[in-house]
Each structure stands twice: as C-alpha cells, then as structure tokens.
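The values are calculated or read from the model by the stated rules, or taken from the named source; none is laboratory data. Source: prediction; values computed, not measured. Every residue, glycine among them, receives a Cβ derived from its backbone with ideal geometry; neighbour counts consider all protein chains shown.
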Amino acid sequence: MAKRLFFGLELPASAREALAAADPQLKNVRWVKAEKLHLTLSFPGEVEPEQEGALHEALAAVRVPPFFLPIRGVGTFGGSKPSVLWAGVGKGHPHLFGLHKHLQDAVLRAGLQPDLRPFHPHVTLARIRDVSAEVLRPFLRKHAETEFGMWEVQEFVLYSSRLSSEGSEYTVELRCGLQ
Ligand code: ATP
Ligand code: MG
C-alpha cells in the first residue's frame, strides 16, 4: 500500500516544551501537540513500496555535516487571513538548505516528484481558522525575538503520515545520521 511520506527534523524535547508552553490559548487557534512538532524538509507525498526502496537507496548520497539551528521568532502564513502560525529558525544556515537540496535530489532520483516550491524552513505551531491578524498581533509581538532553543541537528527523519478524522498521525520510518 502507498504511504504518505515526508522528510523532517525532529525537535529536541526542550524546544518542544518551550513551544508548547507558548500556546496563547486563543479561540480557533489549534496548537500542535508537543510530540508532533517538526520541521519539514521535503514532501514526496504518496509513495508506492517499490519507490520507497529506491528512495532509501538514494539517501546514501545525502552528505551534510551536523549543524546548529536556533528556534527563534514566530510568524504566520496567509497574510490577512492567517492559516498557519509558525516558529522560525533565523537566517542563513547553508547546511539546512544543503540538506533540503540533497533530499529533493534523492526524491527525484527515486523517480518521485518533490514539492518544488521555495523552501521556507519553519516549525508549524498552530492551524488557524477565522482569526484576524489583529487578534494574533500581541502574540506575534511578544515572541518576535524569542529564542525557544538552540539545537544541534544530528539526524533527519523519514516520516509516514496517516490522515484521519482526528488529524494526522506520524510514524518514524527511518532515522538517518548526518556526517
Ligand atoms: P493535517 O493535514 O491533518 O493538518 P499535517 O499537515 O501535519 O496534518 P500532512 O498533511 O500529512 O500532515 O503533512 C505532513 C508534513 O508535510 C507537514 O509538515 C506538512 O506541512 C507537510 N506537507 C504537507 N503537504 C505538503 C506539500 N504539498 N508540500 C510541502 N510540504 C507539505
Ligand atoms: Mg497537511
């Protein structure tokens, strides 16, 4: 059976706790559970078992050293109708962008099509529905410069995601150490 796959970084426990504690508990702002917080690197999507094997093999060519990443600041996607509230990772980070590119290449080598939109690294904190930008402004101000943690990224993870009426459920399919 096909799986819905994506590559991501698993956040350290300390950062997950800090981000969970920042929940402003606003109406229609659905906070992501601490254990599910992650940073998506590449989204191949629906993958058949044979292609999943090819994808695992293609990962042998991913060569990026471990690197440090801050979790800093917050923002929204969706402009005046925000749909996602996220935490950022600061600017720069050539190794993060390198890892993104290597994984996109691996997905292509496996004969799959990655999402080719520009990479805006972020950690989704909440899904939002019918909340004006104004209501979110105090939260965005408060955490504009907040550092939720400094993180040494030593591995990336291949997750599968199962969608259900209770939301998505992630399973770790593979952990790959950076070197
Ligand atoms: P839900 O869809 O139930 O809100 P979710 O978005 O966490 O939950 P998935 O849709 O399976 O679950 O997505 C898994 C991860 O891949 C998430 O980080 C999501 O933002 C990301 N993702 C989903 N679709 C795409 C896409 N087309 N391009 C890039 N990333 C995607
Ligand atoms: Mg989704």
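Of everything in the stretch 141-179, what is among the hydrophobic types (A, V, I, L, M, F, W, C) and away from ligand 2 (no atom under 16 Å from the Cβ)? Give them in sequence order.
Ala144, Phe148, Met150, Trp151, Val153, Phe156, Val157, Leu158, Val172, Leu174, Cys176, Leu178
Does Pro114 qualify as being assigned to a loop (DSSP other than H, G, I, E, B) and either exposed (fewer than 11 other Cβ atoms within 10 Å of the Cβ) or within 16 Å of ligand 2 (Cβ to nearest atom) (or both)?
Judged against the criteria, Pro114 is a match.
Output the residues belonging to the stretch 55-90 that are touching a residue at least 60 places away in the same chain (Cβ under 8 Å) and part of a loop (DSSP other than H, G, I, E, B).
Within the stretch 55-90, Val62, Arg63, Val64, Pro65, Pro66 qualify.
In the stretch 122-140, how many residues are surrounded by 12 or more Cβ atoms within 10 Å (Cβ to Cβ) and within 16 Å of ligand 2 (Cβ to nearest atom)?
7
Of these, Val153, Val157, which one is surrounded by 14 or more Cβ atoms within 10 Å (Cβ to Cβ), within 16 Å of ligand 1 (Cβ to nearest atom) and modelled with pLDDT of 95 or more?
None of the others qualify; the one that does is Val157.
Under 6 Å between Cβ atoms, at least 6 apart or on separate chains: pull out the pairs that start in the stretch 151-179 with a residue that is more than 17 Å from Leu96 (Cβ to Cβ) and in a strand (DSSP E or B) and end on any residue that is within 11 Å of ligand 1 (Cβ to nearest atom) and aliphatic (A, V, I, L, M).
Partner pairs satisfying both residue conditions: Ser160/Leu5.
Test each condition in (1) more than 11 Å from ligand 1 (Cβ to nearest atom); (2) out of contact with any Leu (no Cβ under 8 Å at 6 or more places or on another chain); (3) at negative phi; (4) not in a helix (DSSP H, G or I) for His120 and report the one that comes out false.
It is condition (1) that His120 fails.
Conditions first: (1) over 22 Å from Arg137 (Cα atoms); (2) out of contact with any Ser or Thr (no Cβ under 7 Å at 6 or more places or on another chain); (3) surrounded by 15 or more Cβ atoms within 10 Å (Cβ to Cβ). Ala20 passes all but one, so which condition is the exception?
Among (1) over 22 Å from Arg137 (Cα atoms); (2) out of contact with any Ser or Thr (no Cβ under 7 Å at 6 or more places or on another chain); (3) surrounded by 15 or more Cβ atoms within 10 Å (Cβ to Cβ), the lone unmet condition for Ala20 is (1).
Among the residues of the stretch 18-46, which ones are over 19 Å from the mean Cα position of the chain (by Cα) and on the phi < 0 side of the Ramachandran plot?
Pro24, Leu26, Lys27
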